[in-house]
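Trainee: Take a look at the following structure, please.
What follows draws every value from the coordinates through simple rules; no lab data is involved. These numbers come from a predicted model, not from an experiment. Glycine gets a Cβ as well: all are built from the backbone with ideal geometry, and neighbour counts include every protein chain shown.
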Amino acid sequence: MSSDSPPSALLDPELLLERYGERIYRLARRMTNNDADAEDAMQNTLIKILKNAGSYRGESDPMGWIYRITLNEAREIHRTRKRRPAVSLDGLPIDFDESNHPSGIHDFSKHPDKAAMANEVDGRIREAIDELPDGYREAVILHDLEGVPYAEAARLMELTLGGFKTRLHRARLHLRRSLDQFWAARDEANTTEGGNA
């Protein structure tokens with residue numbers, strides 16, 4: 001294969017999905033905060049990669065190029081679709097009876113209050129990230145959630161390294177303020193409930 005030829009994984013749909021599918025979906029899911037939108041973004045990304053594989057001229061792992069396509073597709077879906085609540089039953093633990101029929105959702109924790117608190121905090125963190133302006137949200141997702149190094153994330157977002165670090169710092173400050181407000185409101189609610197008991 002010449003240095004101008006795209007890697008074989010970019011030309012074969014099955015190999016592309018096997019090698020990069022999980023990372024594409026994970027990034028799309030984090031960007032869209034919705035399973036259905038992430039699946040759409042992933043499908044669009046895979047189609048674009050296969051269609052444009054000939055334009056890839058990098059000599060190393062094409063993940064940076066793939067991340068850029070995924071970012072663009074997820075960004076477009078996130079901007080154009082109405083936000084709608086998505087409830088997935090896939091993550092719920094379900095009990096099955098002797099005949100392998102679902103019998104209901106079981107208690108997945110011996111401490112339901114801790115599980116509820118973890119879900120509440122996780123939900124608030126997701127909301128806080130989703131409330132960030134696109135460029136700030138992307139910086140947090142790429143570096144803090146996906147683990148993309150500073151320089152690579154800056155390149156993907158077409159920013160200087162200093163510009164990327166500034167954007168990430170500002171995004172983190174916004175998240176901290178948002179989460180501080182969440183904890184303060186929660187503490188106030190607990191104090192009020194405790195005083196009324």
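Trainee: Sorted by packing (mean other beta-carbon atoms within 10 Å per residue), highest first, where do 155-167, 68-80, 175-187 land?
Mentor: 68-80, 155-167, 175-187
Trainee: Compute the Rg to Rh ratio over segment 107-197 from the alpha carbon atoms, using the Kirkwood formula for Rh, and round to two decimal places.
Mentor: Using only Cα positions, Rg/Rh for segment 107-197 is 1.14.
Trainee: List, in order, the whole-Hz ³J(HN,Hα) value for each residue of segment 139-145 obtained from phi through the Karplus relation with A = 6.51, B = -1.76, C = 1.60 and θ = phi - 60°; use x for Gly and Pro.
Mentor: Taking θ as phi minus 60°, the curve returns 4, 5, 5, 4, 7, 7, 9 Hz for segment 139-145.
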